[in-house]
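> Sending over a structure as structure tokens; questions will come in a sec.
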Amino acid sequence: MPTAHREPIKVAVIEDTPALGKLVRKIVDAMDGIETFGVWENAEDGLKAIENGGPDVILMDISLPGMSGIEATIQVKGTHPGIDVIMLTVHDDDKKIFDALQAGASGYLLKNASPDDLCRAIFEVRAGGAPMSAEIARLVVEAFHRPASSEASQAFNLSKRETEIVQLVARGLANKEIAAELSISVETVRVHLKHIYEKLHVRSRTEAAMKYRDSLERAPWNKQ
């Protein structure tokens, strides 16, 4: 709940769908303790309007014409780190979620969030929280439960067997040792390695091992 006698939280909205922008303005202005700073349909106009500061919170769509919401968030946090950004979007895949959070977003709501959830998120983010729709929070938890090797395999579309082989290559095992470890023939290992090279766009086992290790380090929870 908003505290009495406190300045209202100023909220900027950057949303390319005019009807939704108007709806969000209506929801925000109807709640005590928060008010709309302005509504823009693209990031360029929104960023220009807040060059000298102004809003406390920005509700930012990801899929904007021109500059994306993620790019805009990076700029906002670079010039005005005190402004909190909440992504308001239809996207619910974990890559976009982690990209947005890495860019500096403090919250992530789906556009089907209720008016109460939207207003609650604004108060929460100003109190130091990280509001997320329930669906988004579940995806984040599931992503952290997945092993890094699974993330890397999905990124390169590796099969289970190919993943096992590239892991052993990364450990320094030779083809004969890999064959013995997996109870397959050396020729089968060679065939799988050929497919691995094609998928990783490399030409040697050393390059394959390095690229696979690099992908593990780039898993969402390892990003700085």
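> Being closer than 15 Å to MET132 by Cβ and in contact with a strand residue (DSSP E or B) (Cβ under 9 Å, 6 or more places away or on another chain) narrows it down to one of LEU47, LEU88, so name that one. Explain how you work it out, then say what you get.
Working: LEU47 fails: closer than 15 Å to MET132 by Cβ.
Of the residues listed, the single one that is closer than 15 Å to MET132 by Cβ and in contact with a strand residue (DSSP E or B) (Cβ under 9 Å, 6 or more places away or on another chain) is LEU88.
> Restricting the stretch 66-101 to residues that are modelled with pLDDT of 90 or more and of a type in the set (D, E, K, R), which is nearest to ASP117 (Cα to Cα)?
The extreme case among them is ASP84.
> Any residue at all in the stretch 112-132 that's modelled with pLDDT under 90 and in contact with a Leu (Cβ under 6 Å, 6 or more places away or on another chain)?
no
> On the given criteria, is VAL191 at pLDDT 85 or above, buried (at least 18 other Cβ atoms within 10 Å of the Cβ) and part of a helix (DSSP H, G or I)?
Numbers: at pLDDT 85 or above: yes; buried (at least 18 other Cβ atoms within 10 Å of the Cβ): no; part of a helix (DSSP H, G or I): yes.
Taking the combined requirement at face value, the residue does not satisfy it.
The values are calculated or read from the model by the stated rules, or taken from the named source; none is laboratory data. Here the structure is a predicted model, which is why all the values come from computation and not from measurement. Heads up, the Cβs are rebuilt from the backbone with ideal geometry, glycines too, and the neighbour counts pull from every protein chain shown.
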